[in-house]
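The values are calculated or read from the model by the stated rules, or taken from the named source; none is laboratory data. As the structure is a prediction and not an experimental result, all values here were calculated from the model. Here Cβ is always computed from backbone atoms with ideal geometry, including for glycine, and neighbour counts include all displayed protein chains.
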There are 2 protein chains.
Amino acid sequence: MAQKPGLPTGTRDLSPAEVAKRNYIMSVMRHHFECFGYQPIETPSFENASTLMGKYGEEGDRLIFKILNSGNYFYDKNRVELPESLDALLSNSAETITLEQRIELNRFTAKISDKALRYDLTVPFARYVVMNQNALAFPFKRYQMQPVWRADKPQKGRYREFYQCDADVVGSTSLWQEVELVQLYDAVFAELGLNGVTIKINNRKILSGIAEVIGASDKLIDFTVALDKLDKIGEDGVKKEMLEKGISEAALTLVQPLFSFTGSTTEKLTQLEQLLAQSEEGMKGVEELRFITEQVLQLGLQQAQLDLDVTLARGLNYYTGAIFEVAAPAGVKMGSIGGGGRYDDLTGIFGLKNVSGVGISFGLDRIYLVLEELGLFPETITSAPKLLFFNNGPEQAVAAMQAVTALRKAGVRTELYPDAAKLDKQFKFAEKRGIPYVVRGIEGNVYSVKNIASGEVLTIDLEQLKTL
Amino acid sequence: MAQKPGLPTGTRDLSPAEVAKRNYIMSVMRHHFECFGYQPIETPSFENASTLMGKYGEEGDRLIFKILNSGNYFYDKNRVELPESLDALLSNSAETITLEQRIELNRFTAKISDKALRYDLTVPFARYVVMNQNALAFPFKRYQMQPVWRADKPQKGRYREFYQCDADVVGSTSLWQEVELVQLYDAVFAELGLNGVTIKINNRKILSGIAEVIGASDKLIDFTVALDKLDKIGEDGVKKEMLEKGISEAALTLVQPLFSFTGSTTEKLTQLEQLLAQSEEGMKGVEELRFITEQVLQLGLQQAQLDLDVTLARGLNYYTGAIFEVAAPAGVKMGSIGGGGRYDDLTGIFGLKNVSGVGISFGLDRIYLVLEELGLFPETITSAPKLLFFNNGPEQAVAAMQAVTALRKAGVRTELYPDAAKLDKQFKFAEKRGIPYVVRGIEGNVYSVKNIASGEVLTIDLEQLKTL
């Protein structure tokens, strides 16, 4: 019995058209990454489980794909001890599992699985930097475009295997890094023809400063989450939510300016400066944002808008300075198509202290969907051949193959239909493949070529075929 | 305590220089694959275990990396039953494991792991073809360059994660496919500057024919293995081994021509024709080889030698027609740098019968090592910036960043040293990064540039910087 083939949940094949479009996006990124001085590295698809576990929170640990130890994992020298209460474990359902049982299960899992699939590119990058610290020139600017894997619930547009495209620099606290990362976003999206993206910028120090000023450092996230809803539920709604979360009336009076936080970046910074005058950290954040935004605006962006967004709280758990997020052009329904920020101690987990990093990520799949929706993929993106030589029998095939060989040498994507099938079949093949021209006949150095779309027939020589 | 980071056995990081060189090789391949009408697909890194298991023999099954089911794999609805004799299993060492225990263990493994990492690109390709058979135009020519994973014992130059670069066509029995695959090898290696590779060709039908003629169809592999040692152990040695393997004296007399199997391809084919006259299958093999070699030689190769090698028995378990293998130029110690062949029933395992396929594979890692050994990587392959602007303090930095922005827009890889560090430090940074030019000072539109290698100092404007 033949097996009915299928794909694992949350995975997909990429067709030639899809690969060509993805390669186009990545080649644009690669070009600009390298223009900006970022250099490529690649890390293995799987890491030691100990390198990854505990780096992404409890939820992350659960979503990491673990690889079963190879060989007879029950029998090797470091023999696996099964959980003592295995029988009890087995008699329980997933709903009634206790904390102790979960711990026991995790221990068992760790014993039969010492490797895990990459969950993001940042932790492997930190590991790479620490392991190669003596060979690297700091600041080290690297980009990396590789797949990552997460055992997330698959959804439309969310896969268990997807590419991350990251540019990071470690070993410099200079704010010029932030300036050029904004320029890098702008350069990539401008070349992709994606006009009107908004690069939102904030700073962790601003958020900490606000929390400090209102005496609610422990409620930073509640505060930010509520403020972020201003568009949707209005000032009264936000204030109601904040009060419910235990933020005081006095605090709300203090941060009143944030409820009408509009105007130019300069105006926003002036408001923040007044609000945060009593917070050293907050004022540091204002100063950083002022440098970055002033330099960016002075140097000029090609198409993107830079927007100081004080509600932006992405990655609050690890970012310590700048926070970035990129929104698709207005009118396109799509979450953020990029994001990033600065983390002051990227490599500390692996023993290299005081190395600051800042980086950004491009959401390949979402950028793909946005370009598709807006019809922005150039029509020239295709890997399909340009010319199909009809096969009119053994003798003509030899002449055709001579021309095919010459054309390929000249870099023209060409092929010969392999069998002397009925012409109708060969013609339909060209149509289905998206091949624009068919060579129907050859006499000496004269080729009869049909443009499938227009129906036009040309009678030309080999040199003309090359430049068709 | 910080964790000391490491890499799993058999994996490696790729540095910027290595990635740049690998990308160069793959971009040459991609160009020629597409010129030859092959189009890219990508398949997921992991497949359903059932898609892969049983396709690569018992050894292959063992070397496939399995992924642990996610979540509480002991607790979900399809609950795992542990092997009944688990206690007994655990009290045994790997050496004393019985067949029954191994089966039990395999059953247990299958229950806690329903996904596995890709082991090669051929089986996923076959699955892809079957799942997309209605959308594809046949013959379907695809190329695929993706990593595969094998739990092999790591050795120098052999990793547990490595790239395969394959071009295959399915749905045509035309021998023009074999002709163009030889041309494809030649085109790629010629562009890589790797002159003098030998493309060995054989045909499974020739081997079957020989075995048939000498009445030893069951000893085909023994026969071929022995014959392959002719260079090393001489005619007497080979004959001795064949006799030991149970091949008769009479048989050896019949195949005597194979012991002095030299001359042109035409001469070799004539000898084979005489030898195989009584074998219908053998004569079919001769006919196929004649067509392929004649067409290839008539169309001409750029640099490769085509060599009819009757000892070539690669992939004897699945190839049914042509067999290819590529040897590096003489003088380079390296196993084959490519191989392939025709398999008559590629997609049968997934239920699509009578679809013939033929394809070749390029050994990326080995080709890399050969190019490195022969010094064939162009010096221009680098992702390093061309220009580093020294940072001479905040004010100069602004002017520098304006120039940097303009140069990047013009496609010149440029960066600004992020801090106003001592010039000596900035200079050493440029050297370590392999950046050839440093811009030491700016006055208006006049830039003072030093060529690090030559020590030459230029005083030029921005336009001249762009074309440096």
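All but one of (1) at the interface with another protein chain (Cβ under 7 Å from one of its Cβ atoms); (2) crowded, with 22+ Cβ neighbours inside 10 Å hold for B:PHE33; which doesn't? Among (1) at the interface with another protein chain (Cβ under 7 Å from one of its Cβ atoms); (2) crowded, with 22+ Cβ neighbours inside 10 Å, B:PHE33 violates only (1).
Beta carbons closer than 6 Å, at least 6 apart along the sequence or on distinct chains, pair a first residue in region A:281-310 that is of a type in the set (Lys, Arg) with a second that is buried (at least 18 other Cβ atoms within 10 Å of the Cβ) for A:LYS284/A:LYS205; A:ARG290/A:LEU269. Under the condition of being surrounded by 21 or more Cβ atoms within 10 Å (Cβ to Cβ) and among the charged types (D, E, K, R), the residues counted in region A:395-417 number 3. The conditions of being assigned to a loop (DSSP other than H, G, I, E, B) and under 20 Å from B:GLU325 (Cβ atoms) are not met by B:LEU269. Here the condition is being over 20 Å from B:VAL296 (Cα atoms), surrounded by fewer than 20 Cβ atoms within 10 Å (Cβ to Cβ) and modelled with pLDDT of 95 or more; of A:GLU379, A:GLU373, it holds for A:GLU373 alone. I'm trying to understand the selection: among the residues of region A:262-280, which are in contact (Cβ under 8 Å) with a residue 60 or more places away in the chain and under 19 Å from A:LEU227 (Cα atoms)? Passing the criteria: A:LEU272, A:LEU275, A:LEU276. At pLDDT below 80 and part of a helix (DSSP H, G or I), is that true of B:LEU105? Answer is yes for this residue. Selection within region B:448-468: residues that are in contact with a Pro (Cβ under 8 Å, 6 or more places away or on another chain) and surrounded by 13 or more Cβ atoms within 10 Å (Cβ to Cβ). The member of this set that is nearest to the other protein chains (Cβ to nearest Cβ) is B:ILE452.
Applying the condition of being closer than 25 Å to A:PHE65 by Cβ and more than 7 Å from chain B (Cβ to nearest Cβ) to region A:13-30 and asking which residue is surrounded by the most Cβ atoms within 10 Å (Cβ to Cβ) yields A:ARG22. Restricting attention to region B:191-218 and to residues that are in contact (Cβ under 8 Å) with a residue 60 or more places away in the chain and part of a loop (DSSP other than H, G, I, E, B), the residue that is surrounded by the most Cβ atoms within 10 Å (Cβ to Cβ) turns out to be B:VAL197. Of the residues B:LEU388, B:LEU346, the single one that is surrounded by 20 or more Cβ atoms within 10 Å (Cβ to Cβ) and farther than 22 Å from B:VAL179 by Cβ is B:LEU388. Restricting attention to region B:109-145, and to residues there that are touching a Lys or Arg at 6+ places or on another chain (Cβ under 7 Å) and in contact (Cβ under 8 Å) with a residue 12 or more places away in the chain, which single residue is surrounded by the fewest Cβ atoms within 10 Å (Cβ to Cβ)? Step by step, filter region B:109-145, then rank; the result is B:THR109.
The rows are residues; the columns are (1) among the hydrophobic types (A, V, I, L, M, F, W, C); (2) out of contact with any helix residue (DSSP H, G or I) (no Cβ under 7 Å at 6 or more places or on another chain).
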position	(1), (2)
B:THR122	no, yes
B:TYR128	no, yes
B:MET131	yes, yes
B:ASN134	no, yes
B:GLN146	no, yes
B:TYR159	no, yes
B:PHE162	yes, no
B:VAL169	yes, no
B:SER174	no, yes
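Could you list, in sequence order, all residues of region A:355-375 that are out of contact with any helix residue (DSSP H, G or I) (no Cβ under 8 Å at 6 or more places or on another chain) and part of a loop (DSSP other than H, G, I, E, B)? Correct list: A:SER356, A:GLY363, A:LEU374, A:GLY375. Quick check: anything in region A:131-150 within 9 Å of chain B (Cβ to nearest Cβ), modelled with pLDDT of 95 or more and part of a helix (DSSP H, G or I)? Taking every residue of region A:131-150 in turn, at least one turns out to be within 9 Å of chain B (Cβ to nearest Cβ), modelled with pLDDT of 95 or more and part of a helix (DSSP H, G or I).
Within region B:378-393, being of a type outside the set (A, V, I, L, M) and in contact (Cβ under 8 Å) with a residue 60 or more places away in the chain holds for B:PRO378, B:THR382, B:SER383, B:LYS386.
Within region B:36-61, being more than 7 Å from chain A (Cβ to nearest Cβ), part of a helix (DSSP H, G or I) and surrounded by 22 or more Cβ atoms within 10 Å (Cβ to Cβ) holds for one residue alone: B:LEU52. Counting the residues of region A:95-130 that are within 9 Å of chain B (Cβ to nearest Cβ) and more than 25 Å from the chain's Cα centre (by Cα) gives 11. Note on region A:394-447: among residues that are more than 8 Å from every other protein chain (Cβ to nearest Cβ), touching a residue at least 12 places away in the same chain (Cβ under 8 Å) and in a strand (DSSP E or B), the one that is farthest from A:PRO16 (Cα to Cα) is A:VAL446.
In region B:169-179, the count of residues that are part of a strand (DSSP E or B) and within 17 Å of the chain's Cα centre (by Cα) is one or more.
Note on region B:227-255: residues that are touching a Leu at 6+ places or on another chain (Cβ under 9 Å) and loosely packed, with under 13 Cβ neighbours inside 10 Å amount to 1.
Among residues of region B:236-261 that are touching a residue at least 12 places away in the same chain (Cβ under 8 Å), those with a beta-carbon under 9 Å from a residue that is of a type in the set (Gly, Ala, Ser) and part of a helix (DSSP H, G or I) at least six positions away or on a different chain give the pairs B:VAL238/B:ALA226; B:LYS239/B:ALA226; B:GLU241/B:ALA226; B:MET242/B:ALA226; B:MET242/B:ALA251; B:LYS245/B:ALA226; B:ILE247/B:ALA226.
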